[in-house]
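Trainee: Mind having a look at this structure? Questions to follow.
The values are calculated or read from the model by the stated rules, or taken from the named source; none is laboratory data. Values in this document were obtained by computation on a predicted structure and should not be read as measured data. Neighbour counts run over all protein chains shown; Cβ positions are idealised from the backbone, glycine included.
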């Protein structure tokens, strides 16, 4: 794991008590800009503020209240998706957060953080914290070829696409989780007016790589903006805009 992403003993002292919101936001702006510069550059202060506020609220639901605890929680949001605590792709997170009521909060958040880092190292290696290869593959997809591959046995073909997209993660996940993720993804895609196999598959791929609630995640405001644009009533128009915007963002980020 890149040591830049590991909270040091010195930083622990700096995150003892959660002060007023503005003070903590300012501290987190600097922390995120240093350790997650791409996100900071894409989101800006206004976007980061939404992530931080959500992180504070979500952390509070689990009883985390110190600066150190909330910082770790927000770091995991950035690395795994803002709704990482309920993502079926990360079952260990929910289990550790909800089945250890007797532990002190500091011990609990550190256990969850270490387990998350172990998961990242297992699926990405020790030098990465984001699925750069998988995102690059999405950016470089030939949609015509993908549509052809999906035309025979859609579900099975999509499972094979996910294996190619991020093989290490597929090995790590139980087959039932992948199957359930696909079902959830298709249902979500349908709710936004996507009915074609290609469009559903593209949607599932983003869920697989960016988190199961990527469509509502403040880390990716461009997704929600496209999906909820009232002027995009035609399925093809909406998908084209989503694909165009995704590629533009990925080219800037990668």
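Trainee: Identify all residues within segment 68-95 that are more than 28 Å from residue 224 (Cα to Cα) and surrounded by fewer than 20 Cβ atoms within 10 Å (Cβ to Cβ); write none if there are none. Full working, then the answer.
Mentor: We begin by selecting, within segment 68-95, every residue more than 28 Å from residue 224 (Cα to Cα); these are 68-69, 95.
95 - this is the single residue of segment 68-95 that is more than 28 Å from residue 224 (Cα to Cα) and surrounded by fewer than 20 Cβ atoms within 10 Å (Cβ to Cβ).
Trainee: Can you tell me which residue among 186, 111 is free of Cβ contacts under 8 Å to residues at least 24 places away in the same chain and surrounded by 18 or more Cβ atoms within 10 Å (Cβ to Cβ)? Can you show your working first?
Mentor: Numbers: 111 fails: surrounded by 18 or more Cβ atoms within 10 Å (Cβ to Cβ).
Checking each option against the conditions leaves just 186.
Trainee: Show me the helices (runs of 4 or more DSSP H) entirely contained within segment 101-155 in which 1 or more residues are at pLDDT 95 or above and within 28 Å of residue 70 (Cβ to Cβ).
Mentor: On the way: elements: 105-124, 132-139, 143-150.
Helices (runs of 4 or more DSSP H) meeting the threshold: 105-124, 132-139.
Trainee: Still on this structure: Taking only segment 1-33 into account, find how many residues are loosely packed, with under 11 Cβ neighbours inside 10 Å and either closer than 25 Å to residue 115 by Cβ or at pLDDT below 60 (or both).
Mentor: 8
Trainee: Right, here's the next one. Within segment 74-99, can you find the residues that are in a loop (DSSP other than H, G, I, E, B) and free of Cβ contacts under 8 Å to residues at least 12 places away in the same chain? Spell out how you get there, then give the answer.
Mentor: Taking segment 74-99 as the starting set, the residues that turn out to be in a loop (DSSP other than H, G, I, E, B) are 81-83, 87-90, 99.
Hit for segment 74-99 is 99, nothing else.
Trainee: Being in a helix (DSSP H, G or I), assigned by TED's automatic domain parsing to the domain that holds residue 164 and under 18 Å from the mean Cα position of the chain (by Cα): is that true of residue 238 here? I'd like the intermediate steps shown before the answer.
Mentor: Working: in a helix (DSSP H, G or I): yes; assigned by TED's automatic domain parsing to the domain that holds residue 164: yes; under 18 Å from the mean Cα position of the chain (by Cα): no.
Here the answer is no, as residue 238 does not meet what is asked.
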